[in-house]
Structures are given as C-alpha cells and as structure tokens.
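Below is one structure, written out as structure tokens, with a few remarks after it.
The values are calculated or read from the model by the stated rules, or taken from the named source; none is laboratory data. What you see is a predicted model, and the numbers here were worked out from it, not measured in a lab. Cβ coordinates were reconstructed from backbone atoms using ideal geometry, including for glycine residues, and neighbour counts include every protein chain displayed.
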Amino acid sequence: MKNINHSKQLFKQAQRYLPGGVDSPVRAFKAVGGTPLFIKRGKGSRLYDEDGNEFIDYVGSWGPLILGHAHPRVVRAIKKAVEHGSSFGAPTELETRLAKLICEAMPSIEMLRFVNSGTEATMSAIRLARAFTSRNKVVKFAGCYHGHSDGLLAKAGSGMATLGIPSSPGVPASVTADTLVAPYNNVEAIEQLFNDFAADIAAVIVEPVAGNMGVVLPQPGFLERLRSLTQQYGALLIFDEVITGFRVAYGGAQSFYKIAPDLTCLGKIIGGGLPVGAYGGRKDVMEMMAPSGPVYQAGTLAGNPLAMTAGIETITILKESSAYRDLDRKTSILEKGIIQAANKAGVNIQLPRIGSMFTVFFTIDPVTDYETAAKADTKMHAKFFYQMLSQGVYLPPSQFEAAFVSTAHTYKDIQSTVSASEKAFASL
C-alpha cells in the first residue's frame, strides 16, 4: 500500500463540513484508529482510493454489492434508465416488476411497499404491526440493529430480559418504553417476556442471522421458537433481512431456515447498489397500508426508477446464474484458509459464516468474561485490519460488522487473501 496523504487531506476537509468527516459513523475508522480511506472508484472485487492504492474489497458497500462493483449489466441498465428520467413521483412498471421478483423469491411476501432505506422499512413495519394487532410493545434483541429510528435504538441492561433504554442521546426514554429487549439466541428470555407482556406485544423483530454485532448465527430452535410464540400469542414475527435478503440464499434466510415470517424488511441487494428499502408480508396485514387502509406512510423517492432498475437487473442475474453455489464455494475456501492460517500462527479465532457473509472474531472467553473479550476483540481486530490493509485487503473497519464475498471475487483473490492472513496472524 502506498501512502494515504490525499485521503488525510480529504478527511481534514470533510471534518470542516460533515460531523466527524463522514455521513455514517463506522466510515470514520474510530474502531480501528487512523484515517479512513477516501475511495475514488470500484470495479469488480477491487476498490481504488484517492492515493492510487488498490484493495480486494470484502465490505461491498456493507453488503449490497453481491455482484461486485460496477457490474457491466447493472451499469448498462442504470445508464439506460437515467436517460428516461431519474424520478417521477408517480407509479412505474419497474416497481411492479421488482416487487414480482421479490414475491416469487420469498413466498411469505404476498405484497410489499418500497421505501428508501432499511431504517424506513423497519420503522414502517413496526408501525404496521402495532396497527394490525392494536398493541404497542415490540420485542427486539440486544446486538441486532434495525436502523436508527428512535423506537428501535434501545439496548439491553442486566438480567435475562429488560425494558428498552435509549442507546443514543436525543431518544427520549418514553419513546423506547414500549421496546422490550432480550439477549439474542436466548429462548428463556423471550419466553419470559411473553409470560409477562403477552397481551401487549405487537411484534418480535429479529435479524434471522445477526450481522451488526459481527455474524452471529441463530442456534437450532431459536427462530422456530420465535415463530411458535408469536403465533401462540397473536403477535407478528418480523424478519429484518436487510442484510440477509438475497445474500445467504436467493430466498433469504427465511428460505435457508424454512421459516415464514409475517413481515419481512429488505434493502441493500434489492437496490443493486442504489438506495432502497422494502417491507412486505401477508396480504391481510399489508392491505392496512394507505391508500388501501388507514396506516400512513409515504416517500417522494420511494420506488425510484434507478434503484428499481438496478434491483431488477441484480436479482435477475442472481436468479439465472449459479451465483449462490459459487459464492458458497469461494467463501468456504476463504473460511478454511483463514482458520488454518490462524491455527498455524497460534492465534485463537472464531469465524462464523453463512453463505457469503462472515466475521473473524478474536476471543478470550466471551461467555464468562464478555466485556474483556469484547475489548480484546476490538484491539486485536484493529491490528489485524491494518496488517491486511497493508497487503491490499480491505476488511470492515469495525470488529462488529460482517464481511462479504461477491461473485466478482476470483479464486486468485481468495488465495491472495489467505496468504495475507498468514502474514497478518504471524505478526499478531
């Protein structure tokens, strides 16, 4: 890697006009220290920064670029679409075409509504669930991120399950008072919440595979118990598949685990790299949305023709190709290679993976000494991150984010990454 002098200059300029110099906190490299790279362009599996450095990219814009950067077919489709206009604020055939593709891929989604982000999708799904059930409380899980809407910015306190408390200044305690928080993968905690609040719980929202505390897989029986409890007590089950939708499988995590939620939230891949979100599910629930029903939600740029076009092209490519088989094979080789490299160097890691998403964890004993383990993970990850970056491999600049493999990654990319990890682990 060359120097990053230009990135340093650009970051200094950005801090004058943007809070922290960025438009999303993780981009600031606070978790790893140092100066964030300012990216100039991307192509295939590669990123190129403003200083001329080239990297094998495992961030993929935090997940949506399953086909890699600037896929030729997606680029051509967007160019053609923009020639007809960038936004109309009126219905287009493109919205129906993309909706049909999604509904066919995920049969639990009978109808859906497009929005502009995952945050909008989860916020709207919660509003809809409360209206449909005439209840107020929502259950979420500690560590699962569902966007930055006030009601979902709650974290767990001590004990098995807890009332939500705000995890950000500016969020009144009254706003999260109806948010119940339980530990992820803890069946006893969720059962206790239903014992205590069953008549008031409108919905349980969950990432079927957690991707915002690093990749954490659901333990056998966890998702199944959520499904049975919500059905038993008349609450809705909401799968937040903003990350996992069209990532872990063509039909999302719900097809992988064979569980049909009542509502699903989507984003990232369905926009092919452009801003998008969607929520959908059972017809009887979705028809409560205005103008069919009384629940209000609107958006000027919802169903934007450029995002719809990119999404249609991306999902069509995934549908007609052997993408998921190839992604799983490549990521499996990467997983095994990194684990072998760590073992060889005597570095203790865990590498949870599903399909083409994974996280490298450095652990002490996260069960009995969680706080120390988390701090050690962050410190070790920062060292590992910069060792990999110096060898041209760009991993998430945070311990608690998922890494992604794209169809553009070659077997040579995978082997180069494994070789880089060998040197990185040896230095640790």
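Say we look at region 1-27 and pick out the residues that are under 29 Å from Val74 (Cα atoms) and not in a loop (DSSP other than H, G, I, E, B); which of these is modelled with the highest pLDDT? Within region 1-27, the match that is modelled with the highest pLDDT is Ser7.
Between Thr122, Thr96, which is buried (at least 19 other Cβ atoms within 10 Å of the Cβ), in a helix (DSSP H, G or I) and at pLDDT 95 or above?
Working: Thr96 fails: buried (at least 19 other Cβ atoms within 10 Å of the Cβ).
Result: Thr122 is the single residue among Thr122, Thr96 that is buried (at least 19 other Cβ atoms within 10 Å of the Cβ), in a helix (DSSP H, G or I) and at pLDDT 95 or above.
Yes or no, residue by residue, for (1) under 30 Å from Glu110 (Cβ atoms); (2) modelled with pLDDT under 95; (3) assigned by TED's automatic domain parsing to the domain that holds Thr410; (4) in contact with a Ser or Thr (Cβ under 6 Å, 6 or more places away or on another chain):
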{"site": "Asp284", "(1), (2), (3), (4)": "yes, no, no, no"}
{"site": "Met289", "(1), (2), (3), (4)": "yes, no, no, no"}
{"site": "Ile312", "(1), (2), (3), (4)": "yes, no, no, no"}
{"site": "Leu327", "(1), (2), (3), (4)": "yes, no, yes, yes"}
{"site": "Lys336", "(1), (2), (3), (4)": "no, no, yes, no"}
{"site": "Gln350", "(1), (2), (3), (4)": "no, yes, yes, yes"}
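Exactly one residue out of Asn116, Asn136 is modelled with pLDDT of 95 or more and surrounded by 18 or more Cβ atoms within 10 Å (Cβ to Cβ), and it is Asn116.
If you go through region 169-184 and keep only what is modelled with pLDDT of 90 or more and either of a type in the set (Ser, Thr, Tyr) or not assigned by TED's automatic domain parsing to the domain that holds Asp196 (or both), you end up with Thr179, Tyr184. Among the residues here, Ala105 qualifies as under 23 Å from Ile259 (Cβ atoms) and in contact (Cβ under 8 Å) with a residue 60 or more places away in the chain. Among residues belonging to region 28-52 that are loosely packed, with under 14 Cβ neighbours inside 10 Å and assigned to a loop (DSSP other than H, G, I, E, B), point out the one that is farthest from the chain's Cα centre (by Cα). The qualifying residue farthest from the chain's Cα centre (by Cα) is Gly52. May I ask you to list pairs of residues, at least six apart or on different chains, whose Cβ atoms are under 7 Å apart, with the first in region 317-334 being more than 17 Å from Phe246 (Cβ to Cβ) and the second being assigned to a helix (DSSP H, G or I) and of a type in the set (D, E, K, R)? The qualifying pairs do not exist here.
Is it true that Ala189 is free of Cβ contacts under 8 Å to residues at least 60 places away in the same chain, of a type outside the set (Lys, Arg), over 28 Å from Leu318 (Cβ atoms) and not in a loop (DSSP other than H, G, I, E, B)? So Ala189 passes the test.
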